[in-house]
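Before any comments, here is the structure.
The values are calculated or read from the model by the stated rules, or taken from the named source; none is laboratory data. These numbers were taken from a predicted model, which means no experiment stands behind them. Cβ placement follows ideal geometry from the backbone for every residue including glycine, while neighbour counts extend to all protein chains displayed.
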Amino acid sequence: MIRQLQQEFHSIIKSLEVLYVIENAKPCARILVFEDELNKTANFLDKNKINSAVSDFKVLKQVSQSEFYSDKSVKIPKNDARKGYFFVYLSKSMETAKKAKLAEENNNHLELGMLLGYPKCCCEFFEKNFGANKTDLTLAALGNSDGFEFSFYTDIAARHFDVSLLSHFPHSFECGPSINIAKNNFEIIKKHSEDTAAMFSGILQSAVIYTMQEGVFLLRKYEKIGGKIIYGDVMTTSKSKLYYLLSSNKELNVIDKKSFIVNDTKIEGDGYGVMVFGLNKL
Ligand SMILES: [Zn+2]
């Protein structure tokens, strides 16, 4: 099923959104569909008895730091000559799909989030923090979190590499309702594909250096000894200077969730985040 969905929807995250609706894990999902593929998607959804509503506008995806995932997009009219993406709201209930479409049109983030089945605490967090110039709330979630070590279930940094168990920004990386959603989603993935589940848990268990300007880095196969993190390969969204510093050293020292030292260079500031996602704190 996951493979079939991937042929249809390309990205794994997008495919899983559809799977969660099929499996009744999500009351409604919202995915971006390229305008030339709308008919194909509608046929697929029909065949799988999923109702859908399509946005009355389309969006141009912004160039972002990730190939797979963009938090940022620009709305344009649906008859604009430029090719764009439509939001498709899918649900087993036609009414819910239509309500989600309407909530988005009205810019009602809180209602849209609730319709998509996100925890209330996270919907409120989103509404409070989201803005035209602040579309990535990862560091805001880190600001709300205690320390820098979290369970891999809430690793949303890996979404830049098309891997995530959550489709919303958790209000904190310790958000209980978000962890429960992620656990449930993980079970669904496991049921359909042990291989995909194993790949997910491998990538989600990473140390992460998250920056607003210099890329997002997953430090793979890490070992944490006190504040020291020794790691293997580095997955990156950007071949920046920081990437070369991180990948040529293979170890760093964490000072706190906003600062670390690599090769005697201290890196810190509001645009930086350090997170370690593992099996702990379950
Ligand atoms: Zn929350």
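The numbered conditions (1) closer than 23 Å to R3 by Cβ; (2) in contact (Cβ under 8 Å) with a residue 60 or more places away in the chain; (3) within 16 Å of the ligand (Cβ to nearest atom) are all true for D162 except (3).
Does K78 satisfy being more than 24 Å from A197 (Cα to Cα), of a type outside the set (S, T, N, Q), in the same structural domain as A25 (by TED's automatic domain parsing) and over 17 Å from the mean Cα position of the chain (by Cα)? Give the steps one after another, and end with the answer.
Details: more than 24 Å from A197 (Cα to Cα): yes; of a type outside the set (S, T, N, Q): yes; in the same structural domain as A25 (by TED's automatic domain parsing): yes; over 17 Å from the mean Cα position of the chain (by Cα): yes.
So K78 passes the test.
Going by what's in this entry, would F186 be described as more than 13 Å from the ligand (Cβ to nearest atom), crowded, with 19+ Cβ neighbours inside 10 Å and more than 28 Å from A53 (Cβ to Cβ)? The answer is no for F186. Screening I179 on (1) β-branched (V, I, T); (2) more than 14 Å from the ligand (Cβ to nearest atom); (3) not in a loop (DSSP other than H, G, I, E, B) shows it passes everything except condition (2).
Flag: K47 matches the condition of being over 19 Å from S11 (Cα atoms) and away from the ligand (no atom under 16 Å from the Cβ).
When F200 is tested against the conditions (1) crowded, with 18+ Cβ neighbours inside 10 Å; (2) of a type in the set (A, V, I, L, M, F, W, C); (3) part of a strand (DSSP E or B), the lone failure is (3).
List the helices (runs of 4 or more DSSP H) that sit entirely inside segment 47-160 and contain at least 2 residues that are touching a helix residue (DSSP H, G or I) at 6+ places or on another chain (Cβ under 6 Å) and surrounded by 17 or more Cβ atoms within 10 Å (Cβ to Cβ).
94-105, 109-115, 120-129
The residue of segment 220-251 that is surrounded by the fewest Cβ atoms within 10 Å (Cβ to Cβ), among those that are out of contact with any Phe, Trp or Tyr (no Cβ under 6 Å at 6 or more places or on another chain) and among the β-branched types (V, I, T), is I225.
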